Amino acid sequence: MIRVLVADDQEAVRTGLRMLLAAQPGIAVAAEAGDGAEAVRLARRLRPDVVLMDVRMPRLDGIEATRLLAGADVADPLAVVVITTFDLDEYVYGALRAGARGFLLKDAGARLLAEAVRAAAAGDALVSPQITVRLLEEFARPRRRSRAPREALTAREEDVLVLLAAGLTNNEIGERLHLALGTVKTHVAAILAKIGVRNRVEAAMWAVESGRRG
C-alpha cells in the first residue's frame with residue numbers, strides 16, 4: 001500500500017484529492033496538512049511514501065517545503081509530487097530544482113494523479129504532459145553547459161537516455177529498443193549514477209542541456 005500525505009490549504013481540495021486517491025487500488029491517504037510547515041512536520045514524523053504538495057500555502061510555501069523534504073542536502077529525502085492550479089514556469093522549475101519527483105496540475109485527472117503517485121513511490125518521476133514540452137524547450141536554451149558525466153555512457157545507455165528525455169516510460173523504452181523491463185531499469189540506474197542526477201526528470205533536463213535528443 002502506497003501511503004500518501006496530502007498538503008493543500010483548501011479543505012475542499014484535500015477532500016477531492018483524498019477521494020480520488022481512495023478510489024485507486026494500492027493507494028491510501030495517511031494524513032493531511034493545511035500548510036507547508038505542517039506538511040514538513042507530518043512528513044518527517046510519518047515518513048509517507050509520497051507527499052502531494054500544493055505550491056501556494058500559508059506559513060511555508062510548497063517549493064520551500066519540498067526543498068526541506070527532498071532537496072539535495074537532505075540525507076533521506078522523501079518523494080514529493082507538486083500539484084497546483086497554476087501553470088507557471090517559476091513553479092515548475094522551482095519544484096523540480098527543489099527535488100520534486102513530479103509536477104501536476106490539479107485538473108490532471110484521477111488516472112494521471114495515480115500514475116504520478118505510483119511513479120514517485122517507485123523512484124521515477126512524472127511531469128504533467130501539457131507542460132513537458134515547454135519545460136524541455138526551456139532547458140534546451142543555451143543558457144549553460146551541462147556537466148560532463150562521471151563515466152562515459154555506453155551506446156545502449158545513450159539510446160535509453162534519448163527515449164527517456166522524450167518522455168517514454170520504462171515499458172515503452174523496452175518495446176522500442178526490444179529490451180526486457182529489468183534491463184531498461186538497469187540502464188536507467190546506470191545513467192543516473194553516471195551523470196550524477198537523482199531522477200528521470202533531472203536526467204531528461206541533463207539530456208536536453210547536453211544535446212542528447214532524438
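The values are calculated or read from the model by the stated rules, or taken from the named source; none is laboratory data. Here the structure is a predicted model, which means the values were calculated and not measured. Ideal geometry is used to build each Cβ from the backbone, glycine not excepted, and the neighbour counts take in all protein chains shown. Each accessible area value is taken on the protein alone, full model and side chains, heavy atoms only, with ligands, DNA and RNA left out. Shrake-Rupley method; radii C 1.70, N 1.55, O 1.52, S 1.80 Å.
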Exercise for the section: Just one of (1) open to solvent by 10 Å² or more (accessible area, probe 1.4 Å); (2) touching a residue at least 60 places away in the same chain (Cβ under 8 Å); (3) over 15 Å from the mean Cα position of the chain (by Cα) trips up Leu21, so point out which. Expected result: (1)
Exercise for the section: Tally the residues that are in contact with a Leu (Cβ under 7 Å, 6 or more places away or on another chain) and closer than 24 Å to Met19 by Cα, restricting the search to the stretch 48-84. Expected result: 8
Exercise for the section: Among what's in the stretch 9-28 and is of a type in the set (S, T, N, Q) and in a loop (DSSP other than H, G, I, E, B), pick the residue that is nearest to Ala120 (Cα to Cα). Expected result: Gln24
Completion exercise
Within the stretch 28-55, the count of residues that are farther than 24 Å from Val92 by Cβ and among the β-branched types (Val, Ile, Thr) comes to 1
Problem - First in the stretch 53-64 and in contact (Cβ under 8 Å) with a residue 12 or more places away in the chain and closer than 16 Å to Ala31 by Cβ, second anywhere and open to solvent by 60 Å² or more (accessible area, probe 1.4 Å) and part of a loop (DSSP other than H, G, I, E, B), Cβ under 6 Å, 6 or more apart - result: Met57/Asp9
Problem - Complete set of residues in the stretch 171-203 that are more than 25 Å from Gly71 (Cα to Cα) and surrounded by 19 or more Cβ atoms within 10 Å (Cβ to Cβ) - result: Ile173, Gly174, Val184
Practice task
Could you give me the residue pairs with C-beta distances under 6 Å whose first residue belongs to the stretch 104-121 and is in a loop (DSSP other than H, G, I, E, B), whose second residue is among the hydrophobic types (A, V, I, L, M, F, W, C) and modelled with pLDDT of 85 or more wherever it lies, and which are 6+ apart or on separate chains?
Solution key: Lys106/Ile83
Exercise for the section: State which residue is nearest to Arg41 (Cα to Cα) when the search covers only the stretch 65-79 and only residues that are open to solvent by 60 Å² or more (accessible area, probe 1.4 Å) and assigned to a helix (DSSP H, G or I). Expected result: Leu68
Fill in the blank from the handout: Scanning the stretch 26-52 for residues that are free of Cβ contacts under 8 Å to residues at least 60 places away in the same chain and acidic (Asp, Glu), the one nearest to Gln10 (Cα to Cα) turns out to be Asp35
Exercise for the section: Could you identify the single residue in Ala31, Ala39 that is in a strand (DSSP E or B) and open to solvent by less than 40 Å² (accessible area, probe 1.4 Å)? Expected result: Ala31
